[in-house]
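Read through the structure below, which is laid out as structure tokens, and then see the notes.
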Amino acid sequence: MEIKKAVIPVAGAGTRLLPVTKSQPKEMLPVGRKPVVQYVVEEAEAAGLKEVLFVTGRQKTSIADHFDRDVELIRRLTQSGKSEILEELVFEEMGLSYYYVRQSEPKGLANAVYHAKDFVGDENFVVALGDTIIKGKDGGELLQRMIKSHLKNKAACTIAVEEVPLEYIYRYGAVKPKGKVSEDFPIDDLVEKPMPQEAPSNLAIAARYVLSPVIFDCIKRTVPDEHGELWLTDSIRILLNQGLKVYCVKLKEDQSRYDIGNFESYFKAFVDFAIEDEKYGYTLRQHLYHTIGQITP
Ligand code: UTP
């Protein structure tokens, strides 16, 4: 059975990036020469997915504008002899079908995913967080590996995980492997933002999931936190409690996750992508080389 649908939640408030996100979505912030969410959509396309549902919210209309084919802009660039710039718009021709559903209030990731219920129907689907880039040699490799593992293991949920230094695990969700960690492996628990001494492992949940529609029942039964938000990790724990299989797939050494939800990781993401930019990376590398002597850690 093929998996062809991707759900990209982009309805979060982005409060950690204020004031930047006061009137614009964090998912549209540039990393190098592209907005974050464009990397996410390109990753889905590279993995062979065909249909994308954005779970959007207030102040997020620029995301829909970005993925619309802008015929007027194309005409203007062509007529004014600037057709070389059209190259920057090839992402508009990816051949994906885009759909939009609105989460009227950001009530947590699980609530955002629940909005995909009608779109998904009875099919397995991918969830890729719209504020996180997976960088690697082959753009669709991780999702392809996850989809393969999900179908092979008949899992209800397959989660991407990344090894992080144990002292930083409190920033992420962490999984508890059932036995030995291999290419893909089952887990028997997961916890959100554990303290290092209580963490079940240093394997951090990395913003990509493959889910079976059984998740919707679990989301319905998930208890909101004190702010009324539903956590996807809690819904996945309900899957585990029902005896359903949850597997993990580890990022490869050449793959890394950039969550741009806070300034520290956003700055790092921007610099890493900018210095590797084919066109402008060289000048930036020169600039950094000349200023680096003046920088103190
Ligand atoms: P985060 O939890 O990191 O985003 O969501 P946030 O709530 O916007 O962050 P802060 O804490 O206010 O700074 C990860 C992804 O899930 C989406 C976000 O848009 C982001 O892409 N999300 C989160 C939703 O779509 N809806 C939600 O209710 C929460």
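The values are calculated or read from the model by the stated rules, or taken from the named source; none is laboratory data. Just so we're clear, the structure is a prediction, and the values are computed from it rather than from any experiment. Here the Cβ positions follow ideal geometry from the backbone for every residue, glycine too, while neighbour counts run over all protein chains shown. Each accessible area value is taken on the protein alone, full model and side chains, heavy atoms only, with ligands, DNA and RNA left out. Shrake-Rupley method; radii C 1.70, N 1.55, O 1.52, S 1.80 Å.
Going through the stretch 30-42 one residue at a time, which ones are touching a residue at least 60 places away in the same chain (Cβ under 8 Å) and closer than 11 Å to Gly130 by Cα?
Those that are touching a residue at least 60 places away in the same chain (Cβ under 8 Å) and closer than 11 Å to Gly130 by Cα: Val36, Val37, Tyr39, Val40.
Within the stretch 2-43, can you find the residues that are among the hydrophobic types (A, V, I, L, M, F, W, C) and away from the ligand (no atom under 12 Å from the Cβ)?
Passing the criteria: Ile3, Ala6, Val31, Val41.
Output the residues belonging to the stretch 107-125 that are within 14 Å of the ligand (Cβ to nearest atom) and open to solvent by less than 10 Å² (accessible area, probe 1.4 Å).
Those that are within 14 Å of the ligand (Cβ to nearest atom) and open to solvent by less than 10 Å² (accessible area, probe 1.4 Å): Ala110, Ala112, Val113, Ala116.
Take the residues in the stretch 244-291 that are in a loop (DSSP other than H, G, I, E, B) and among the aliphatic types (A, V, I, L, M), then tell me which one is surrounded by the most Cβ atoms within 10 Å (Cβ to Cβ).
Ranking the qualifying residues of the stretch 244-291, first place goes to Ile260.
Residue under question is Ala47, and the condition is that it be away from the ligand (no atom under 16 Å from the Cβ) and either closer than 16 Å to Pro9 by Cα or surrounded by 13 or more Cβ atoms within 10 Å (Cβ to Cβ) (or both); does it hold?
yes
Has the stretch 78-93 got at least one residue that is of a type in the set (D, E, K, R), away from the ligand (no atom under 15 Å from the Cβ) and open to solvent by less than 30 Å² (accessible area, probe 1.4 Å)?
yes
Can you name every residue in the stretch 149-176 that is open to solvent by less than 50 Å² (accessible area, probe 1.4 Å), within 11 Å of Asn202 (Cβ to Cβ) and not in a loop (DSSP other than H, G, I, E, B)?
Selection gives Val161, Glu162, Ile169, Ala174, Val175.
Residues that are within 21 Å of Ala206 (Cβ to Cβ) and under 16 Å from the mean Cα position of the chain (by Cα): list the helices (runs of 4 or more DSSP H) wholly contained in the stretch 38-141 that include at least 3 such residues.
Ranges flagged: 109-114.
Residue check: is Gly139 more than 16 Å from the ligand (Cβ to nearest atom), open to solvent by 20 Å² or more (accessible area, probe 1.4 Å) and without any contact (Cβ under 8 Å) to a residue 40 or more places away in the chain?
It is false that Gly139 is more than 16 Å from the ligand (Cβ to nearest atom), open to solvent by 20 Å² or more (accessible area, probe 1.4 Å) and without any contact (Cβ under 8 Å) to a residue 40 or more places away in the chain.
Could you check, for the stretch 206-219, whether at least one of its residues is outside any loop (DSSP other than H, G, I, E, B), closer than 14 Å to Val175 by Cβ and either in contact with a Cys (Cβ under 9 Å, 6 or more places away or on another chain) or basic (Lys, Arg) (or both)?
Yes, because at least one residue in the stretch 206-219 is outside any loop (DSSP other than H, G, I, E, B), closer than 14 Å to Val175 by Cβ and either in contact with a Cys (Cβ under 9 Å, 6 or more places away or on another chain) or basic (Lys, Arg) (or both).
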